[in-house]
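Here the structure is laid out as structure tokens; the discussion comes afterwards.
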Amino acid sequence: LTSTLATRHQLTQHQHKVASARIGTKTSAANKPTMTHTAPAIVAPSLLSCDLANIDRDATQMLELGADWLHMDIMDGHFVPNLSFGPPVIASLRKAQKDAYLDCHLMVSEPANWVGPMAKAGASSFNFHYESDMPEGGHR
């Protein structure tokens with residue numbers, strides 16, 4: 001989505017209409033794209049700032065306060081300089097939060113290497129950066 005929005009100015013008028021239909025935008029009278037909201041918002045607070053000694057408690061609190069998903073920022077110390085959650089933390093959280101939707105944001109250099117272990121640990125979904133080293137076809 002971000003790369004689609006960033007390159008919109010390079011599209012022909014027909015391509016713009018097709019891309020706009022896909023990403024939920026429409027063109028205003030001034031021929032400028034405007035965002036429309038066609039789906040309800042999903043509230044997904046990040047647990048990056050949680051108390052790691054009490055991640056289950058903090059996750060429960062977020063869900064009780066109305067969170068739809070729990071957003072997990074996965075950082076490898078290479079793609080971004082920070083380190084964060086890995087498969088063992090996701091597995092522990094999944095064990096405690098059996099029904100929670102764990103949205104895993106892979107801020108990693110080679111996301112294909114992370115998908116299998118994170119899926120096995122209990123991740124519900126993955127998203128990663130376009131500029132990461134993803135192999136052609138999305139898998140190795």
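The values are calculated or read from the model by the stated rules, or taken from the named source; none is laboratory data. This one's a predicted model, so the numbers in the text were calculated from it and none came from an experiment. The accessibility values were calculated without ligands, DNA or RNA, using every heavy atom of the protein model including side chains. Shrake-Rupley method; radii C 1.70, N 1.55, O 1.52, S 1.80 Å.
Some observations on this one:
- Only protein heavy atoms count here; under a 1.4 Å probe, LEU83 has an accessible surface of about 140 Å².
- Per-residue surface analysis assigns GLU110 an accessible area of about 70 Å², computed on protein heavy atoms at 1.4 Å probe radius.
- The slack between LYS95 and ASN113, meaning 0.36 nm per residue of separation minus the straight C-alpha distance, is 4.2 nm.
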